[in-house]
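Take a look at the structure set out below.
The values are calculated or read from the model by the stated rules, or taken from the named source; none is laboratory data. What you see is a predicted model; the values in this text were computed from it and never measured. Cβ placement follows ideal geometry from the backbone for every residue including glycine, while neighbour counts extend to all protein chains displayed. The accessibility values were calculated without ligands, DNA or RNA, using every heavy atom of the protein model including side chains. Shrake-Rupley method; radii C 1.70, N 1.55, O 1.52, S 1.80 Å.
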Amino acid sequence: MDNRRSYIFVFFLLAALGVTGPALFVLLVDPYQIYHKSFIQPAMFSVNERYQSAGLINSYLDESYDAIIIGSSLSENFNTEQVSRVTGWKKTMRLTVNASTSEMPQEHLLVLQKALATGHIKHVLWEIHPKYIWVKDDQLDQVSEKFPEYLYNESVFDDYHYLFNDDVVKLSIKNILGQLDTLCENGCNYEWSHQWLDNFEALNQWMLREKLNEKNNGFHRFSRSAKLKAYDTKIRKNKADLDVNEILEKSRFYHSSFITERVERLIANNPDTHFNLYIPPIPSFFYAEKKNGNLIATMGLYRQIAKVGSKHKNVSFYAFNNLFQITNNVAFYKDEHHYHSDVNDYIVKRMSLDLDRVSPENFDQYALVFLSNLKTLEVQFFDKVDLNKLEPEIDKRVIGAGDNITDAEKKDWQQ
Amino acid sequence: MLFNSLFFIFVFLPLSLVGFFLIGSRGHHRVATAWLVACSLFFYGWWNPAYLGLILVSMLFNYAMGVQLSMRAFSLLKKKLLLAFAVSSNLALLGYYKYANFFVDNLNLFLDTGFTLEKIILPLAISFFTFQQIAYVVDAYKGETREYNFLHYCLFVTFFPQLIAGPIVHHREMMPQFAKDETYRFNARSFVFGITIFSIGLFKKVVLADDIAGYVNPVFSLAEQLTPISTVDAWVATLGYSLQLYFDFSGYADMAIGIGLMFGVLLPNNFNSPFLSININDFWRRWHITLGRFFREYLYIPLGGSRKGFLVTQLNIFIVMLLSGLWHGAGWTFVFWGVLHGLAMVINGVWRQFRVSACRHDLTQSTFVGRLLSILITFVFVVLAFVYFRAETITGANHILARLFSETIWSEIQAVYSSGYNNALSRIAFLMAIVFLIPNVARIYVAKCRLSDPSMIHAIFSSLLFACSLYVLLYKANVIHEFLYFNF
């Protein structure tokens with residue numbers, strides 16, 4: 001009988017060790033630094049921001065930080081040191097979520113909520129991507145399958161998704177062996193999301209990669225691409241149908257529950273934090289190829305946010321999509337969304353000067369200028385663009401209507 | 001509920017075991033039986049509670065028939081009529097749920113009619129519990145078994161280790177075990193064997209079968225669309241599916257036996273290294289043993305068996321195999337698979353007859369090489385026939401089989417050789433080594449489980465297999481794969 005008892009004891013003991021051992025190993029190594037900073041190997045950070053941001057908030061977002069940047073891959077090129085210097089904030093952490101999904105707004109919100117819960121954040125730079133119109137009223141809390149929601153809630157009971165996870169076990173083994181795939185520039189034979197870097201400040205600053213390949217980078221290719229020509233054809237066709245008055249009028253009736261139920265509530269619940277919401281300078285042709293219905297929703301969304309801004313003292317709302325020197329010039333873009341990192345620097349400077357602010361009072365004027373530009377837009381092609389000499393190019397390439405850069409701004413820009 | 005689900009392993013099985021022994025060890029055998037029936041019905045209803053009514057009505061009907069057939073002093077004619085009514089009612093139920101759509105579709109196809117019938121969802125395990133109950137009423141008619149307690153009858157049909165995909169048990173081999181006092185007391189030796197065999201079965205299913213399925217399924221999907229596939233992929237699909245089915249089904253059979261032993265109940269063996277069969281008859285004595293037994297006892301022998309001459313015997317065998325194919329699924333691929341096996345058995349019968357009568361061979365004697373050749377021929381036939389078993393259409397199966405010996409075979413083999421490694425082929429080689437070199441669970445454990453305790457090395461070995469399986473279930477918890485035989 002004792003033999004059988006020993007048998008049962010050994011069986012279940014070994015099985016329990018076999019099952020919990022890998023999870024304990026993950027807890028110890030913790031490649032995404034969810035529970036603690038890396039102490040076995042030098043800290044490495046994953047470009048997979050959906051996971052890594054949770055680790056950054058838990059293990060690195062301490063009282064030395066007072067600001068965060070929330071947004072998509074468009075916000076990845078913000079230089080956090082430069083942002084802090086220009087804005088006067090103490091220290092800024094970038095918590096972007098790239099590889100956007102249709103649930104990107106909800107994911108931004110969860111990352112932001114988690115960061116705010118630390119109690120250190122006084123300033124938020126929050127990109128309001130046009131895709132925010134995609135959030136349906138019955139999907140306010142939905143996130144994509146890629147997003148590890150369990151790392152962003154308060155419950156520890158669902159952390160088993162992280163601890164009991166084959167991928168994380170494998171990463172932990174690689175981590176402890178010092179074999180995590182480091183960031184590669186060209187010719188990687190592994191997936192982008194598997195790359196790791198030893199400096200989270202530079203994490204996902206994709207512009208660094210583009211600069212390394214200056215002669216044939218994304219900007220160079222895009223300005224010559226068939227895709228852009230297709231945009232041009234579409235835009236020519238769409239311009240005739242674009243009805244500025246209809247868009248302006250109908251946008252007044254747009255309502256996003258996500259903005260009222262989630263964004264505004266979060267702002268109201270954090271009165272000591274200042275939220276700098278901004279519309280990124282996505283190229284004009286991105287908007288120009290949209291149908292009227294889409295533009296009505298987009299302008300309706302922006303209008304709604306402008307109202308939120310006027311209701312809450314802790315909100316400033318900036319629209320950088322009327323900077324036509326930039327948005328009408330394909331030379332600044334490597335595709336239909338992503339702009340040069342100099343543009344990131346530039347809009348931060350404008351924000352610090354409190355330019356481009358939009359409120360309910362000036363919204364119609366802003367929208368009229370924006371839509372009128374789309375109505376007269378011509379996609380321009382440039383044979384060669386020297387992105388390192390961006391600044392002098394700006395003045396030469398003013399296309400369409402737009403606000404003029406003041407002397408003070410120019411001076412600031414040239415610094 | 002699946003044996004390979006975490007809920008089953010961590011919640012359902014422990015609770016049902018603890019409840020059964022807590023109640024049973026205090027002498028409340030009827031309550032313990034009721035507990036086990038309740039657990040089994042919960043287990044069945046987990047899939048779709050709506051079909052609980054169906055299995056309950058089926059049990060009530062067959063129990064009533066069984067009682068009538070075994071109690072009343074009816075005339076032989078009346079008993080025969082009652083039996084015919086009972087059996088045909090069961091077949092009608094099975095026919096409606098399993099074959100009605102198939103029948104109507106083919107009627108419309110061949111007679112150009114326009115009958116419409118909504119898609120009927122096949123209730124889980126209906127083929128198994130219907131056959132088990134047909135066997136019961138026939139045995140009751142013969143006076144070989146009787147049951148006057150409905151609760152016991154329910155346990156016989158629903159006992160969850162064997163409910164979903166067999167083994168198809170006889171009332172007379174199950175219920176005497178539940179009549180013993182010792183069954184209701186925790187038996188450490190039986191439990192030890194139970195967890196060991198269960199762990200091996202779980203490993204076979206979760207780690208081996210589901211893994212190779214990842215290489216097999218895409219090729220069959222492409223074949224159905226008649227997309228060109230390489231010869232290597234065709235071989236991967238052909239061999240891989242046979243191995244997947246082997247480990248899936250033998251894994252299930254092991255788990256069923258293991259769970260049975262945890263309850264102190266020995267279920268009949270359903271699987272005995274079928275790929276080591278020396279001929280197709282031998283294969284059917286080793287693959288799904290209890291189904292073969294059912295067909296032999298309740299179809300082949302009533303048809304006349306081997307008592308009516310060589311030709312009728314071969315015809316009977318062919319009919320049994322044809323119906324066996326149809327039992328596995330309502331589709332022409334299954335029918336064709338049954339026909340292939342029927343023909344193979346007839347050919348084997350003729351060959352054996354020829355060897356005995358014309359060559360005066362002693363069939364009990366064979367050389368090592370002869371046996372090896374027999375095993376190889378049987379294996380190749382079974383594997384090729386399984387392509388029809390797996391494919392959704394005969395065209396899809398033909399598409400794969402046609403690629404097995406294509407003109408590119410040598411260049412593809414050279415490419416595989418020069419690349420040095422092929423994930424799918426190396427897995428297939430590993431699985432084949434297990435199939436052909438390692439003795440099966442029945443030989444290692446089941447035969448010994450009433451005689452001696454397994455050594456500590458088995459505890460270490462089986463707990464590692466258990467941990468590996470749980471690792472896959474817990475750490476790679478994306479999809480839990482159903483057992484293939486659940487579809488039949």
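Of note:
- Every residue from region A:1-60 that is touching a helix residue (DSSP H, G or I) at 6+ places or on another chain (Cβ under 9 Å), under 29 Å from B:SER463 (Cα atoms) and of a type in the set (Asp, Glu): A:ASP30
- Residue in region B:37-55 that is open to solvent by 60 Å² or more (accessible area, probe 1.4 Å), at pLDDT 90 or above and in a helix (DSSP H, G or I) present: yes
- Of all residues making up region B:378-401, the number that are in contact (Cβ under 8 Å) with a residue 12 or more places away in the chain and exposed (fewer than 15 other Cβ atoms within 10 Å of the Cβ): 2
- Against the numbered list (1) touching a residue at least 24 places away in the same chain (Cβ under 8 Å); (2) over 30 Å from B:TYR471 (Cα atoms), B:ASN149 comes up short only at (1).
- Condition met for B:GLY240 (closer than 30 Å to B:LEU464 by Cβ, modelled with pLDDT of 90 or more, within 20 Å of the chain's Cα centre (by Cα) and within 14 Å of another protein chain (Cβ to nearest Cβ)): no
- The criterion of at least 3 residues that are more than 18 Å from B:THR33 (Cβ to Cβ) is met, among helices (runs of 4 or more DSSP H) falling completely within region B:126-206, by B:126-142, B:188-203.
- Only a single item in (1) outside any helix (DSSP H, G or I); (2) under 30 Å from B:PHE3 (Cβ atoms); (3) touching a residue at least 40 places away in the same chain (Cβ under 8 Å) is not met by B:SER452, and it is number (3).
- Among the residues of region A:7-17, the ones that are surrounded by fewer than 18 Cβ atoms within 10 Å (Cβ to Cβ) and within 7 Å of chain B (Cβ to nearest Cβ) come to 2 in all.
- Selected residue (criterion: farthest from A:HIS123 (Cα to Cα)) from residues of region A:53-107 that are open to solvent by 20 Å² or more (accessible area, probe 1.4 Å) and of a type in the set (A, V, I, L, M, F, W, C): A:ALA99
- Filter pass, A:VAL47 being within 14 Å of chain B (Cβ to nearest Cβ), closer than 25 Å to A:SER144 by Cβ and either open to solvent by less than 10 Å² (accessible area, probe 1.4 Å) or of a type in the set (Ser, Thr, Tyr) (or both): no
- Residue ID - nearest to B:THR158 (Cα to Cα), chosen from residues in region B:267-310 that are touching a residue at least 60 places away in the same chain (Cβ under 8 Å) and β-branched (Val, Ile, Thr): B:THR290
- Cβ pairs under 8 Å, 6+ apart, first in region A:293-316 and closer than 10 Å to A:LEU277 by Cα, second among the basic types (Lys, Arg): A:SER316/A:ARG357
- Among all residues of region A:245-268, there is none that is touching a Ser or Thr at 6+ places or on another chain (Cβ under 8 Å) and open to solvent by 10 Å² or more (accessible area, probe 1.4 Å).
- Residue match in region B:344-353 (condition: open to solvent by less than 70 Å² (accessible area, probe 1.4 Å) and touching an Asp or Glu at 6+ places or on another chain (Cβ under 8 Å)): no
- Filter pass, B:LEU474 being within 14 Å of chain A (Cβ to nearest Cβ) and at pLDDT below 90: yes
- Failed condition for B:SER273, given (1) of a type outside the set (Phe, Trp, Tyr); (2) touching a Pro at 6+ places or on another chain (Cβ under 8 Å); (3) crowded, with 20+ Cβ neighbours inside 10 Å: (3)
- Against the numbered list (1) surrounded by fewer than 22 Cβ atoms within 10 Å (Cβ to Cβ); (2) out of contact with any Asp or Glu (no Cβ under 9 Å at 6 or more places or on another chain), B:THR231 comes up short only at (2).
- Note on region B:183-227: among residues that are away from chain A (no Cβ under 12 Å) and free of Cβ contacts under 8 Å to residues at least 24 places away in the same chain, the one that is farthest from B:GLN162 (Cα to Cα) is B:THR227.
- Residues that are open to solvent by less than 10 Å² (accessible area, probe 1.4 Å) and polar (S, T, N, Q), drawn from region A:318-340: A:ASN321, A:THR327, A:ASN328, A:ASN329
- All conditions in (1) buried (at least 21 other Cβ atoms within 10 Å of the Cβ); (2) closer than 28 Å to A:MET207 by Cβ hold for A:MET299, with the sole exception of (2).
- Within region B:402-445, being in a helix (DSSP H, G or I), open to solvent by less than 70 Å² (accessible area, probe 1.4 Å) and more than 29 Å from B:PHE336 (Cβ to Cβ) holds for B:SER411, B:ALA415, B:VAL416, B:SER426, B:ALA429, B:ALA433, B:ILE434, B:VAL441, B:ALA442, B:ILE444.
- In region A:124-172, residue surrounded by the fewest Cβ atoms within 10 Å (Cβ to Cβ) [restricted to those that are over 25 Å from the mean Cα position of the chain (by Cα) and part of a loop (DSSP other than H, G, I, E, B)]: A:SER155
- Number of residues in region B:418-454 that are at pLDDT 80 or above and within 9 Å of chain A (Cβ to nearest Cβ): the value is 0.
- In region A:110-122, the residues that are more than 17 Å from A:ASN314 (Cβ to Cβ) and open to solvent by 30 Å² or more (accessible area, probe 1.4 Å) form Cβ pairs under 9 Å with partners that are in a helix (DSSP H, G or I) and acidic (Asp, Glu), at six or more places apart or across chains, as follows: A:LEU110/A:GLU149.
- Unmet requirement for A:LEU277, which otherwise passes all of (1) in a helix (DSSP H, G or I); (2) in contact (Cβ under 8 Å) with a residue 40 or more places away in the chain: (1)
- Pairs linking a residue in region A:18-30 that is away from chain B (no Cβ under 14 Å) to a residue that is part of a helix (DSSP H, G or I) and open to solvent by 30 Å² or more (accessible area, probe 1.4 Å), with Cβ atoms under 7 Å and 6 or more positions apart or on different chains, are A:VAL29/A:ILE176.
Quick grid of which residues meet (1) buried (at least 21 other Cβ atoms within 10 Å of the Cβ); (2) over 22 Å from the mean Cα position of the chain (by Cα):
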{"residue": "B:SER89", "(1), (2)": "no, yes"}
{"residue": "B:LEU93", "(1), (2)": "no, no"}
{"residue": "B:ASP105", "(1), (2)": "no, yes"}
{"residue": "B:SER127", "(1), (2)": "yes, no"}
{"residue": "B:GLN132", "(1), (2)": "yes, no"}
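- Checking every residue in region B:284-302 against the condition of being open to solvent by 20 Å² or more (accessible area, probe 1.4 Å) and not in a helix (DSSP H, G or I) gives zero matches.
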